[in-house]
Each structure stands twice: as C-alpha cells, then as structure tokens.
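Beneath this line is the structure, given in structure tokens, with notes to follow.
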Amino acid sequence: MKKTYDIFISHASCDTHLARELRDILVKNNFSVFLAADENRPPLNCAKEWKEEMTSALFDSERLIFIVSDPAQIKPPKDGGNGCWVHYEVDTF
C-alpha cells in the first residue's frame, strides 16, 4: 500500500530554515514531504494534537530524513538537551 508521504523531515527548531530548503528541493523533484514546520500547516492547539499528527505522519511516510546541525538538539532533555520531539520522531519511525 502506498503511503501518503515519500519523506518525513525530522529537525530541531534551530534547523527549520534548512528543513524548509530541503523540502522545497524535494517537492520540486516530485517527492511528497511531511514537514511539521510547513507554513501551510494549520497550527495545533496542544501537545496531544501535535503528537497524534506526528505519529500519523511518521507511520504514513516511506523514509525519514534527520537533520542535525547541533548535537545538543538530539540529546534527550534528561541529558541536558532539547531533543524531545526529535527523539520521539526517530524512535517512532
């Protein structure tokens, strides 16, 4: 069964500009891309909605691209990092 997205782009908020540039390149090359920071995506009201949308998109994606420009962004919060969502996305995929 074909999935909705060819690619899910996982990134920390500090890498949003890189993720958007990559998304634009991929879309121009006929890939369907899920990017949570997409300007056209309606805002979500709570963490529960965010988690549900991320989970659904992850399960409905063929591939995961993981952008990391700062190693602190992939450390879990318990280890002094800010990578809560990044870890969730990678672990879920």
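Structure above, values below:
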{"item": "Odd one out for THR55 among (1) within 17 Å of LYS3 (Cα to Cα); (2) modelled with pLDDT under 75", "result": "(2)"}
{"item": "Some residue of segment 34-45 being closer than 12 Å to ALA19 by Cβ and at pLDDT below 65", "result": "yes"}
{"item": "Tally of residues being surrounded by 17 or more Cβ atoms within 10 Å (Cβ to Cβ) and not in a strand (DSSP E or B) across segment 4-15", "result": "2"}
{"item": "Options LEU26, LEU18, LEU64: the member that is surrounded by fewer than 18 Cβ atoms within 10 Å (Cβ to Cβ), modelled with pLDDT of 80 or more and part of a strand (DSSP E or B)", "result": "LEU64"}
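The values are calculated or read from the model by the stated rules, or taken from the named source; none is laboratory data. Note that the structure is predicted; figures quoted are calculated from it, not measured. For neighbour counting, all protein chains shown are included, and Cβ atoms are generated from backbone atoms with ideal geometry for every residue, glycine included.
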